[in-house]
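Worksheet for the structure shown next.
Just so you know, all these numbers are worked out from the coordinates, no wet-lab data involved. Small disclaimer: the values here were computed from a predicted structure and weren't measured. Here the Cβ positions follow ideal geometry from the backbone for every residue, glycine too, while neighbour counts run over all protein chains shown.
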Amino acid sequence: MIITVVTGNPHKVDEIASFFTGIAEIEHLDLDIHEIRHDDVSSVAYEKASAAWDKLKKPLIVDDTGLFIAGLNGFPGTCAAYCMKTIGNGGILRLMEGITDRSAYFETVIAYASDEGIRVFSGRIEGKILEAPRGSEGFGYDPIFFVGDRSLAELPLSEKSAVSHRGKALAAFRDWFVSLRS
C-alpha cells in the first residue's frame with residue numbers, strides 16, 4: 001500500500017518513512033493546501049487532512065506540530081512553522097532573554113485520511129528551551145529544544161524518533177495501521 005505524505009518539509013518525510021519500512025510505501029507530495037488558524041493542533045491537522053483528501057482522494061497523512069513555550073504564554077503554539085520562517089531560532093532565543101521559565105513542549109498530530117474518513121494520532125514531548133543552539137542533527141527548533149540531557153539536534157534520527165513528539169504520534173498511527181491489516 002502507498003501512503004502519500006503531504007508536506008513541504010522533506011525532513012518530515014524521512015522521519016515518517018523510517019516508521020513504515022516493510023509496512024507501506026511512502027510517497028511525498030508538496031501540495032498547497034489551506035491551513036486554518038486554531039489553538040488546537042488536532043483541529044489544524046484534521047482540517048489539513050480533509051483539504052488534502054478533497055484534492056487527492058487517496059490515502060494520505062498530514063501532520064501539524066505546535067511548540068508551546070511556558071515563559072512566552074504558549075507562543076508560538078500552532079504557528080510554530082510560521083514563526084520558524086519569520087524569526088527562527090535566533091528570534092525565539094531573543095524573546096526568551098531574561099525569562100527564567102524555559103519549560104516547553106512539542107505536540108504533533110498525524111492525521112490520516114482515507115475513504116473511511118480521517119483519524120488523528122498525537123504525540124507530545126516535554127522539555128525546555130536552551131539559551132543557545134546545540135547539535136547539528138534534525139531541523140527546525142531541534143537545536144534549541146532540550147530533552148533529557150541533550151537537544152533534539154544532538155540525537156541521531158533513530159534516537160530522536162524513539163522519544164520525539166512526531167515519533168510518538170507516528171508510532172501510534174503505525175500501530176493502528178498495522179492492526180487493521182493483520
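Averaging the Cα positions of each part gives two centres, and for the stretch 137-162 and the stretch 81-125 these lie 14 Å apart.
Summing charges over neighbours of Arg181, with a neighbour being any other residue whose Cβ is under 12 Å away from its Cβ, gives 0 when K and R count +1 and D and E count -1.
Ordering Trp176, Trp53 from the fewest to the most neighbouring beta carbons within 10 Å gives Trp176, Trp53. The lysine pair count for the chain, using Cα distances under 28 Å and pairs eight or more places apart or on different chains, is 23.
Using a cutoff of 8 angstrom between alpha carbon atoms and counting only pairs six or more residues apart, the relative contact order for the stretch 43-157 works out to 24 percent.
Looking at the chain alone, DSSP beta bridges between its own residues are antiparallel in about 80 percent of cases.
Restricting the calculation to Cα atoms, the chain yields a radius of gyration followed by a Dmax of 16.2, 53 Å. Per-residue ellipticity at 222 nm, computed for the chain from helices alone with -39500 (n - 2.57) per DSSP H run of at least four residues, works out to -11000 deg cm²/dmol. Highest mean packing first, where packing is the average number of other Cβ atoms within 10 Å per residue, the peptides 142-149, 112-119 line up as 142-149, 112-119. With q set to 0.16, 0.17, 0.18, 0.30 Å⁻¹, the log10 of I(q)/I(0) for the stretch 63-120, from the Debye formula over equal scatterers at the Cα positions, is -0.55, -0.60, -0.64, -1.23.
Neighbour counts of C-beta atoms inside 10 Å place Val44, Val178, Val163 in the sequence Val178, Val163, Val44, starting with the fewest. I need the fraction of alpha carbon pairs in the stretch 1-80 separated by more than 20 Å, rounded to a whole percent. Percentage above 20 Å: 38.
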